[in-house]
Structure formats: C-alpha cells, structure tokens
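The values are calculated or read from the model by the stated rules, or taken from the named source; none is laboratory data. All of these numbers come straight from a predicted model, not from anything done at the bench. Every residue, glycine among them, receives a Cβ derived from its backbone with ideal geometry; neighbour counts consider all protein chains shown.
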Amino acid sequence: MKRVGWQTQFPRNSLPFEISYLRLLSVQMRKQGEGINHSQEDQEETMEERRLLEMTSEIVKAQASHAGMGADEMTEAIKKVYRALKWVQAQEDKAAKGEAEPTMSGMESIQRNKVICLECGKEFRQLSGKHLGLHGLTPREYKNKYDIPLRQSLSARSLSAKRRRIAKERGLGEKLSRARGRKK
C-alpha cells in the first residue's frame, strides 16, 4: 500500500486487505446510522439501512475482486452503489404504494395511442395476456379488477379502429353473419 496525497493505492494482489478496508468503511457507515434509542419505525429504517449496506459491501467486494481499486475508488464505489440501491428501494416503495390505489380508472387507461397497464404503469399498444400473466392475472381477471367491460379490447383505440377498418374492407362482418345464419 502506498499513499499519494489523499489517495491510498493498493497493490493488485492485496485483495484481502481491500476487503477488510471495505468492511471497515461499512462498519463506520453503520456506526453513523446508530444513535440513541429509536422508535420501532426508526429501528425498521435502521434495519433497511443495514441491509442496503450489506448489499453494497457485497457488490463492491465482488467488483474489487476483479479489478484493483484504490481507497478513493472504493469509497466512491461504495457511495455510488449505496445511492443506486437507495434509489431502487425508493422506486419499489413508490410502486408498492401505487398498487394500493391506481391513479386512473380502467377505461381511462385505454387511450388513443397506448394502453397503460394499471399493475406496473408500463405503456403498450396492446396489453397482452402474456404481460398480464407476469402479474398473475388473466385478461378477464384484469378487466374485472379494474371494472373494464369484458367486451372491451385491451388495445389502443387507434389499433382497434385500424382493425375495424380492415375487417370492414375485407367484408368479415358480412361473412360472419352469413356463417352464423347457416348454422341455425
């Protein structure tokens, strides 16, 4: 290990030392989070922080095992990974809150050029059964859950209009009514 100004450089083969340095940094960060006796809500937040720190240390440890990193690089990596994990956690919390109360009704989610999945918020031209299966729903269950009429297609209005126009041009409605008339 050699010190250049504020930066500490580790030799490439000093991985155990880098890992112990990483552990020392994570312990210091944990100590900063600990304090006086907290309420249960604060204790849950502290547990979340500890989990994030543990994941951060595992990620940076894995990264350090593949590339030589200086102390400043490790510190920056820890900060960046921690911030990224914190952001992901915040996004998950937002999504969990969003599931409880959708921001729009089922029919409002079917728009001119897109359909918005009310489960995850993604936009599609057509909401397929395969995508709904990722949420554990069938199209019928999805329509019932969000009060969408069962005859309403889960596709953008422009796509439905295009299909309707093509069907009329081909005379599919007339062919269907003749076929139904023959069956009776």
*Could you check how many residues of segment 61-80 are of a type outside the set (S, T, N, Q), without any contact (Cβ under 8 Å) to a residue 40 or more places away in the chain and part of a helix (DSSP H, G or I)?*
7
*Taking the condition among the aliphatic types (A, V, I, L, M), surrounded by 12 or more Cβ atoms within 10 Å (Cβ to Cβ), part of a helix (DSSP H, G or I) and in contact with a Ser or Thr (Cβ under 9 Å, 6 or more places away or on another chain), does Leu118 pass?*
no
_Output for segment 69-113, where each listed residue is surrounded by fewer than 16 Cβ atoms within 10 Å (Cβ to Cβ), within 17 Å of Ile148 (Cα to Cα) and modelled with pLDDT of 80 or more_ = Ser105, Met107, Glu108, Gln111, Arg112
*Got a sec? Which of Arg170, Arg180 is farther than 30 Å from Gln91 by Cβ and modelled with pLDDT under 90?*
Arg180
*Looking at Lys61, is it over 27 Å from Gly121 (Cβ atoms), over 23 Å from the mean Cα position of the chain (by Cα) and not assigned by TED's automatic domain parsing to the domain that holds Cys120?*
yes
*Can you name the residue in segment 132-184 that is of a type in the set (A, V, I, L, M) and over 18 Å from Leu118 (Cβ atoms) and, of all such residues, is surrounded by the most Cβ atoms within 10 Å (Cβ to Cβ)?*
Leu159
_Conditions (1) at positive phi; (2) part of a helix (DSSP H, G or I); number of the one not met by Lys175_ = (1)
*Determine which single condition Glu119 fails, assuming it passes every other condition in (1) in contact with a Lys or Arg (Cβ under 8 Å, 6 or more places away or on another chain); (2) at pLDDT below 90.*
(1)
*Quick one: is Ala167 over 30 Å from Glu49 (Cβ atoms), among the hydrophobic types (A, V, I, L, M, F, W, C) and not in a loop (DSSP other than H, G, I, E, B)?*
yes
_Residues being in contact with a strand residue (DSSP E or B) (Cβ under 6 Å, 6 or more places away or on another chain) and among the acidic types (Asp, Glu) - total across segment 115-144_ = 1
